[in-house]
Amino acid sequence: MSNFSRRRFLLTAGASAAGSILLKGCLGNPPSATNAAPEAVQTPVNLSPEQKPETTKAQLGYIAIVEAAPLIIAKEKGFFAKYGMTDVEVAKQANWGSARDNVEIGSAGGGIDGGQWQMPMPYQISEGLITKGNQKIPMYILAQLNTHGNGIAIANKHLGKGLGLKLDGKKSFFDQLKSSGGKFKAAYTFPQANQEFWIRYWVAAGGIDPDAEIELLTVPAAQTVANMKTGTMDAFSTGDPWPYRIVADKIGFMAALTAEMWKYHPEEYLAMRGDWVDANPKAAKAILKGIMEAQQWCDNFDNRAELAKILSGRDYFNVPESVLLDPFMGKYNMGERTIDDKTMAALYWKDEKGSVSYPYKSHDLWFLTESVRWGFLPPDTLDKAQEMIDKVNREDLWKEAAKEAGIPDADIPTSTSRGIEEFFDGIKFDPENPKAYLDSLKIKKVKA
Ligand code: CA
């Protein structure tokens with residue numbers, strides 16, 4: 001492909017398609033909207049009339065990052081079909097904005113019924129904060145998809161300047177850039193959500209005010225990589241396989257993994273339109289059972305080579321298998337150092353702190369609290385947070401689905417709070433007292 005036609009392609013293609021072109025030369029194919037029939041057929045369970053889904057169909061969106069693994073594996077391995085959901089389609093979304101647009105119209109309008117989300121997007125959609133005309137579209141969170149698998153990538157021109165997990169003592173580095181007219185530019189692929197929170201937390205923990213001392217911006221992933229190559233982007237926050245590609249292609253290095261910032265942190269979620277779940281509660285639970293079985297499959301490290309193979313395929317991420325396999329085994333070449341630890345890999349079902357799949361309400365509260373911290377949601381959000389969470393978070397459905405699927409009691413959390421959380425800088429978040437967390441933070445937009 002000539003430079004000219006590549007440029008034209010970039011102007012017309014969706015972000016993720018353009019990303020695979022950039023990273024793979026001319027081998028990238030546009031994403032397919034639907035996938036071939038499952039390659040593995042599971043024995044369907046004998047569904048009692050109480051468990052028989054109201055519909056066999058659902059349209060679930062995903063973004064081509066490792067968070068999507070449970071959706072893709074449930075489809076490919078026949079785990080949705082096993083529970084009666086024989087016609088689930090998993091549809092690649094060009095970017096987060098497209099996923100939002102597609103869930104607004106729903107499958108009836110050619111969009112999606114739900115799928116993979118960064119937090120707090122299900123809340124932002126439910127509250128009408130990011131929808132057209134601020135229409136409130138109630139969403140239900142059904143499960144967490146994963147923990148870990150994300151990181152902060154830095155452009156190679158900053159190699160050797162001591163930009164790592166901790167930025168203590170690095171304020172002068174950011175000040176120098178600022179005074180020379182070019183603030184440190186950090187990007188993410190959707191504003192006021194998870195990826196932005198990671199960048200903000202990382203710099204603020206090092207005493208750098210993200211609103212004053214760096215420039216934060218929303219950029220499609222492919223453009224971020226291109227800008228990093230040409231030196232106009234300093235950092236970006238995203239999920240595997242992007243961080244790994246950046247190091248492998250010598251475009252940049254990894255300052256930190258999110259697994260280092262908050263071990264076993266909440267990451268991305270399965271959420272669906274509330275009207276769809278209300279109309280099809282048994283189908284929603286059948287989807288959940290398929291996801292839970294897929295998450296257990298993904299967490300068996302003996303399956304990870306096959307997981308990398310499936311995700312890397314043309315129908316899905318369309319990347320070389322090798323860029324997925326090492327991170328899936330907990331092996332990260334960070335550029336300036338390496339990590340080799342399976343507990344740092346993306347995990348899907350269980351971790352040392354409990355269930356990964358279970359959507360702890362205490363984690364939703366952290367995302368809302370962090371939104372208040374940075375002025376994305378008004379301070380009085382905390383007064384009504386419990387009410388908001390009780391409407392959106394359907395951990396009750398998760399529990400029912402887990403029991404119906406025969407998940408052992410030991411794997412079903414008894415509390416909807418995971419308790420006090422601790423970050424890499426020593427800051428603690430007590431879900432019983434989110435105001436104390438805000439008070440303890442030196443850098444924030446909200447007035448304590
Ligand atoms: Ca992510």
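For this structure, a couple of remarks:
- Remark on the chain: hydrodynamic radius 22.1 angstrom, per the Kirkwood mean of 1/r across alpha carbon pairs.
- Full extension of the chain segment joining residue 180 with residue 412 gains 78.1 nm, where the gain is 0.36 nm per residue of separation less the Cα-Cα distance.
- By average C-beta atoms within 10 angstrom, highest first, the peptides 172-183, 94-105, 355-366: 355-366, 94-105, 172-183
- Relative contact order of the chain, pairs being alpha-carbon contacts under 8 Å that are 6 or more residues apart, as %: 20 percent
- Of the residues 257, 176, 269, the one whose Cα sits farthest toward the positive end of the charge dipole of segment 167-302, with +1 on the Cβ of Lys and Arg and -1 on the Cβ of Asp and Glu, is 176.
- Modelled spin labels at residue 331 and residue 54, positioned 7 Å past Cα toward Cβ, are 4.8 nm from each other.
- Packing rank of 106-116, 404-414, where each peptide gets the mean count of other beta carbons within 10 Å, highest leading: 106-116, 404-414
- Taken about its Cα centre, the chain carries a charge dipole of roughly 1380 debye when the Cβ of each Lys and Arg holds +1 and the Cβ of each Asp and Glu holds -1.
- Gain on full extension, evaluated as 0.36 nm per residue between residue 435 and residue 302 minus their Cα-Cα distance, stands at 43.6 nm.
- Judged by the mean number of other Cβ atoms found within 10 Å, the most tightly packed of the peptides 326-337, 382-393 leads the ranking 326-337, 382-393.
- For residue 185, the aspartates and glutamates whose Cα falls under 18 Å of its own Cα, not counting residues fewer than eight places away in the same chain, are 175, 196, 209, 211, 213, 215, 234.
- Only lysines eight or more places from residue 447 in sequence, or on another chain, were considered; those with a Cα closer than 21 Å are 384, 428, 435.
- Listed residue pairs exceeding 31 Å between alpha carbons, taken from 183/342; 57/263; 77/353: 183/342; 57/263
- Within the chain, DSSP assigns beta bridges of which about 65% are antiparallel (rounded to the nearest 5).
Each value in this text was obtained by applying a stated rule to the coordinates, not by laboratory testing. The model shown is predicted, which means the values in this text are computed figures rather than measured ones. Ideal geometry is used to build each Cβ from the backbone, glycine not excepted, and the neighbour counts take in all protein chains shown.
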